[in-house]
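Colleague: Okay, here's the structure, questions in a sec.
No lab work stands behind these numbers, since they all come straight from the coordinates. Small disclaimer: the values here were computed from a predicted structure and weren't measured. Glycine gets a Cβ as well: all are built from the backbone with ideal geometry, and neighbour counts include every protein chain shown.
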Amino acid sequence: MISSFKGNKSHLPSKPCQQCGREMSWRKSWENNWEAVKYCSERCRRQAKLAAA
């Protein structure tokens, strides 16, 4: 999937954050769980947790 990455981020997959709607680009640290990534940051994750409570 990402093996042909040559430094051009426009070719990487992206998806919107569930909390704020900001577009998130694929990161190497998310390689194994990209499908499970929902939030762009810890702040959005915490806000979603507070909103659900």
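Colleague: Charges only on Cβ, +1 for Lys and Arg, -1 for Asp and Glu: so what's the dipole of the chain about the Cα centre, in debye to the nearest 20?
Modeller: Values: 11 positive and 4 negative charges, 35 e Å.
The calculated dipole for the chain is roughly 160 debye.
Colleague: Moving on. Along Cα→Cβ, 7 Å out, is where each label goes; now give me the distance between the ones at W30 and E42 in nm to one decimal.
Modeller: Those two pseudo-labels are separated by 1.7 nm.
Colleague: Between Rg and the Kirkwood Rh of the chain, both from Cα atoms, what is the Rg to Rh ratio? Could you put the intermediate results ahead of the total?
Modeller: Numbers: Rg = 12.7 Å, Rh = 12.2 Å.
On the Cα set of the chain, Rg over Rh gives 1.04.
Colleague: Show which lysines lie in cross-link reach of K38 when reach means a straight Cα distance below 23 angstrom and same-chain residues fewer than eight apart are skipped.
Modeller: K9, K15, K28, K49
Colleague: Continuing with the same structure: Note the angle between two axes, namely the Cα long axis of helix 42-52 and the longest principal axis of the Cα atoms of the chain, as a number of degrees from 0 to 90, rounded to the nearest 10.
Modeller: It works out to around 40 degrees.
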